[in-house]
Amino acid sequence: MKVDLSGQVVVVTGAGRGIGKEIASVAAGAGATSVLVARTAAQLDAAVAQIEQEGGKAWALPADLAEPEAAARVVAAVIERHGQIDVLVNNAATNYVANLVMAKDEGWRRLYELNVFAVMRLTQAAIKPMIRRKRGRIVNIGSVSGELGAAYNSAYASSKAAIDGFTRSVAKEVAKLGITVNSIRPWHVDTELVHEAMAARAKLFGKTAEDYIAMIIAESPQQRLITAREIAALAVFLMSEDARGITGQALNVCGGYAM
Ligand SMILES: NC(=O)c1ccc[n+]([C@@H]2O[C@H](COP(=O)([O-])OP(=O)(O)OC[C@H]3O[C@@H](n4cnc5c(N)ncnc54)[C@H](OP(=O)(O)O)[C@@H]3O)[C@@H](O)[C@H]2O)c1
């Protein structure tokens, strides 16, 4: 089976690297025009160039989604250029590794601004044109930590639990309108974010990032990290017409870590 997204416009946040870049690339490979959003224009341009080299269509739209006005600006720019938004992938997120005793309000606020408020604002802005067209797909990238918790990462894990609750709530609101809303919950994926988080955690305990990566691989039933490609493949299936019966779900891609 091949997913066909020809003529569709897919907006992916945090698409300059890692999982977001891979989702944008796989969606473009399925025929969509991918709109890549993140702060670092140079990374976006490189990702767009790679997609175009592979024969896909893509557009770089730099924005800092932690700024409250960014969501409306991003959606207006996409509508002006492409006339529609078929899919929104809320993927951009950040980490705040700290034990609870030392955690600061400011760290939590900075994380929640991107991981939760930006997701709410962008979904709110993008869902309006979807409601008018009575079609749309929203894919939120959560984390198994939202379900299982994560020591020294309570801001992050709780923000991802919020994403699951938000996903189910919005899914119920728009279920009759041809719009599906789901979240994907990865376990550790081999990206910069996981290496940065492990380095921060290692610093708390006088270990190295490599020690931590080895430890998490040892904890995995499949004895490996997940790949960005595996997350992208599920995201693109959720965008498809065949996935219209799947909504309000949180789908783990965790190599059996949570079962
Ligand atoms: N990697 C994992 O092990 C793992 C596991 C579970 C869940 N996840 C989730 O998967 C998603 C992607 O993770 P990843 O590992 O691919 O992350 P990553 O490599 O750190 O990439 C994050 C992306 O988000 C962008 N971004 C960060 N702050 C932003 C802001 N304020 N406004 C706009 N864009 C911003 C970054 O670009 P700029 O810095 O240029 O803005 C980058 O393109 C996240 O939701 C993460 O929580 C990851």
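What follows draws every value from the coordinates through simple rules; no lab data is involved. Since this is a predicted model, take the numbers as computed values, not measurements. Cβ coordinates were reconstructed from backbone atoms using ideal geometry, including for glycine residues, and neighbour counts include every protein chain displayed.
Here are some notes:
- Ignoring the sites themselves, the chain has its longest run without GluC sites (Glu not before Pro) in a DSSP loop having at most 16 other Cβ atoms within 10 Å at 70-259.
- For the stretch 216-249, applying the loop criterion from DSSP together with a ceiling of 12 other beta carbons within 10 Å to the trypsin sites (Lys or Arg not before Pro) yields ARG224.
- Size check on the chain: the Cα extents along the three principal axes, sorted descending, read 52, 37, 36 Å.
- Largest mean-square fluctuation among SER183, SER240, SER145, in a Gaussian network model of the chain whose springs join Cα atoms under 10 Å apart, belongs to SER240.
- Considering only the chain, percent of DSSP beta bridges that pair antiparallel, nearest 5: 0 percent
- Cβ-based net charge around GLY29, under 14 Å, with every Lys or Arg adding one and every Asp or Glu removing one: 0
- Listed pairs LYS57/LYS128; LYS21/LYS128; LYS2/LYS134; LYS104/LYS128; LYS104/LYS207; LYS21/LYS207 exceeding 28 Å between Cα atoms: LYS104/LYS128; LYS21/LYS207
- Here's the picture: a label point sits 7 Å out from the Cα of LYS207 along the beta-carbon direction, and within the stretch 213-233 the residues with their amide nitrogen under 14 Å of it are 213-220.
- Counted by Cβ distance under 13 Å from ARG81, the other residues give a net charge of +1, where Lys and Arg count +1 and Asp and Glu count -1.
- Positive minus negative residues near ARG17 (Lys, Arg vs Asp, Glu; Cβ under 13 Å): -3
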